[in-house]
Amino acid sequence: MKASDLFVKCLENENVEYIFGIPGEENLDVMDSLLSSEIKFILTRHEQGAAFMADVYGRLTGKAGVCLATLGPGATNLVTGVADANMDRAPIVAIAGQGSTTRMHKESHQILDLVNLFAPISKYSTQIREPEVVPEIVRKAFKVAEAEKPGCSFIDFPENIAEMEIENHSPLKVQQASLPAPRSDKIKEASDLIENAKYPIIMAGNGVVRANAENALIGFSEALHIPVATTFMAKGVIPFSHPLCIGTVGLQARDFVSCGIDRADVIICVGYDMVEYHPYLWNPDNRHKIIHIDSMPAEVDSHYIVETGIIGDLNESLNELADETHVTEKPHSENLKQTIQEEFSLHAQDTEFPVKPQKIIWDLRTAINDDDTVISDVGAHKMWMARMFQAEASNTCIISNGFASMGIALPGAIAAKLACPDKTAIAVTGDAGFLMNVQEIETAMRINTPIIILIWNDSNYGLIKWKQEVQFGRESNIHFSNPDFVKLAESFGAKGYRVEKTDELLPTIEQAIKDDTVVIIDCPVDYSENLKLTQKLGDLICPI
Ligand SMILES: Cc1ncc(C[n+]2csc(CCOP(=O)(O)OP(=O)(O)O)c2C)c(N)n1
Ligand SMILES: [Mg+2]
């Protein structure tokens with residue numbers, strides 16, 4: 001067989017379901033070998049779309065999403081999505097074709113050193129230089145990508161190697177190492193700290209989702225009566241409706257939930273990555289005692305000095321710590337939770353137009369099921385979604401908060417629909433981020449993947465306008481005009497709706513779910529609420 005056949009066999013061995021990508025001249029052999037495979041190739045309209053699809057697929061399934069591009073410009077187009085996956089700890093394997101090894105040492109058409117290009121945005125970046133090493137490289141790529149903390153593996157596959165003949169080689173057995181059991185002396189130290197704490201609080205991060213440790217987390221929180229705040233990326237690890245869930249942290253401004261953090265003497269960080277919410281924002285004076293529970297030792301940061309750390313599988317760590325710790329007193333968080341809940345429902349009956357962010361989120365939450373998948377793009381809308389969307393289960397509100405790249409929502413929703421076909425997939429996006437990957441509507445239509453795209457239309461780079469207004473009191477170069485989104489949808493053969501009155505929004509989302517195709521909803525948003533929020537949070541008086 002050819003090396004490209006062996007390569008595809010190795011991908012099959014890793015249970016790859018989909019490859020997202022665009023072929024080129026330098027991966028003709030791989031594309032041809034795929035014809036005799038069960039793996040489905042999802043042809044995209046931009047490599048960035050492919051990388052974001054692999055990213056979200058990886059985040060939702062825990063299995064590496066796979067994207068593929070040709071050399072040079074194809075590979076550079078992958079970069080943003082790959083960096084996003086790597087920083088958001090989503091497992092992906094990115095594959096690029098490459099020119100022949102006989103021309104790699106010199107100036108040559110489209111040749112770029114891809115291994116070095118991808119090195120800073122991956123955990124493992126390599127080139128296949130001999131057909132014999134294909135099984136080892138593919139196995140290592142998946143093992144590294146999927147191991148804690150997950151991220152990207154990049155494989156560069158030169159065209160002359162791909163076409164070489166190779167005999168007597170087959171894929172390697174799929175194995176994944178398990179994390180060590182937590183150390184009992186560390187459990188004891190943490191349990192002493194919690195027993196002596198007056199107001200402990202849990203900050204749950206993305207690692208809880210990756211470890212499927214939701215039940216262990218909820219059990220731990222209930223057994224010890226400790227309230228839980230989640231990061232943007234951990235939304236839903238404890239249902240928002242759970243009495244011990246006090247909401248989402250991560251805004252750069254203070255928020256009601258920060259009142260809980262401020263008051264805490266001990267903060268138990270579970271599966272938390274600093275990239276999600278920088279410690280100087282919540283621990284500016286190093287007043288809090290930190291217990292670090294994670295799969296890996298903590299990153300060094302002058303605002304994250306750990307009192308004790310429990311390293312290992314989160315499920316085991318949380319269960320053992322819950323068993324070891326005995327507390328009877330309940331810290332009071334009811335007031336705080338009540339205030340947050342009241343604030344969230346304040347605009348439920350709004351009729352003013354354009355629609356306020358709070359009302360868009362309320363209607364979206366009302367229209368969809370608790371287990372449907374929402375992917376937020378990046379912008380002012382993300383801040384509102386992170387703050388106010390009430391997630392009842394993890395992986396139901398996907399937010400990019402490591403790399404935080406615009407353009408993820410639309411391709412992400414396509415991947416979400418492929419990963420979870422029984423759930424409605426909704427991209428919540430700004431008008432700018434939407435147009436960054438608008439071309440993938442064609443992909444969604446072609447592969448018959450229904451998604452809803454809810455555009456918050458403000459004709460601005462809204463988040464940047466918000467920040468400019470706060471910092472300088474004036475705006476600079478953030479306004480643009482939009483195409484007619486309804487006609488745009490129709491030109492792709494998709495459906496388009498424009499919300500013209502606030503009370504049309506809820507029935508329009510409900511109709512879009514029934515339409516069962518690709519649907520764009522153009523919803524004008526009232527971002528004068530942004531500055532009002534800044535003002536309100538600036539004047540915030542803690543309800544505890
Ligand atoms: C790819 C990329 N480019 C630029 C930025 C910086 N940025 C963050 S939010 C934002 C504005 C987003 O505008 P829009 O998509 O319309 O959302 P809105 O803020 O209006 O809700 C920009 C430019 C980014 N995060 N990612
Ligand atoms: Mg906008």
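The values are calculated or read from the model by the stated rules, or taken from the named source; none is laboratory data. None of these values were measured; they are calculated from a predicted model. Using ideal geometry, Cβ is built from the backbone for each residue, glycine included, and neighbour counts are taken over all protein chains shown. Heads up: the accessible areas ignore ligands, DNA and RNA and are worked out on the full protein's heavy atoms, side chains in. Shrake-Rupley method; radii C 1.70, N 1.55, O 1.52, S 1.80 Å.
Quick notes on this structure:
- Formal net charge of residues neighbouring residue 530 (Cβ-Cβ distance under 10 Å; K, R +1; D, E -1): -1
- Nearest-20 debye value, the range 178-249 charge dipole, Cβ charges on Lys, Arg, Asp, Glu: 180 debye
- Listed residues 33, 109, 58: farthest to the positive end of the dipole of the range 1-153 (Cβ charges): 58
- Note that the range 304-365 carries a Kirkwood radius of 16.1 Å, evaluated over its alpha carbons pair by pair.
- Computed log₁₀ I(q)/I(0) - Debye formula, equal Cα scatterers, no solvent, the range 382-432, q 0.15, 0.22, 0.28 Å⁻¹: -0.42, -0.91, -1.33
- In plain terms, the C-alpha convex hull of the chain casts an average shadow of 25.5 nm² when viewed from every direction.
- About the Cα centre, charge dipole magnitude for the chain (Lys/Arg +1, Asp/Glu -1 at Cβ), debye: 600 debye
- Rg/Rh for the range 21-125 stands at 0.97; both radii use Cα atoms, and Rh follows the Kirkwood definition.
- Taken over the range 226-269, the convex hull of the Cα atoms encloses 76 Å³ per residue.
- Within the accessible area of the chain (1.4 Å probe), percent carbon and sulfur: 50 percent
- Unpaired by the 4.7 Å Cβ criterion, cysteines found in the chain: 10, 67, 152, 245, 269, 397, 420, 523
- Once you reduce the range 14-65 and the range 432-468 to the center of their Cα atoms, the two points are 22 Å from each other.
- The share of alpha-carbon pairs in the range 18-75 lying farther apart than 19 Å comes to 26%.
- Between the listed residues 414, 274, 68, the Cα displaced farthest toward the positive end of the dipole of the chain, a dipole computed from Cβ unit charges relative to the Cα centre, is found at 274.
- CD proxy at 222 nm, helix term only [per DSSP H run n ≥ 4: -39500 (n - 2.57); per residue of the chain; nearest 500]: -11500 deg cm²/dmol
- Euclidean distance of C-alpha centroids, the range 141-176 and the range 335-365, integer Å: 48 Å
- For residue 375, residues with placed amide H under 5 Å, excluding near neighbours: 398, 426, 427, 428
- Largest first, the residues 461, 277, 497 sort by 1.4 Å accessible area into 461, 497, 277.
- The 3J(HN,Hα) values that the Karplus relation (6.51, -1.76, 1.60; θ = phi - 60°) gives for the range 112-126 are, in residue order, 9, 6, 6, 4, 6, 4, 8, 3, x, 10, 8, 8, 8, 9, 8 Hz. Gly and Pro appear as x.
- Cα pair count fraction exceeding 28 Å, expressed as % - the range 287-445: 42 percent
- Globularity ratio of the range 189-328, using Cα Rg and 2.2 N^0.38 Å: 0.92
- Of all aspartates and glutamates in the structure, the ones whose alpha carbon falls short of 14 Å from that of residue 337, not counting any fewer than 8 places away in one chain, are 255.
- What the chain shows is 40 Å² of accessible area per residue, with the surface traced by a 1.4 Å probe over protein heavy atoms.
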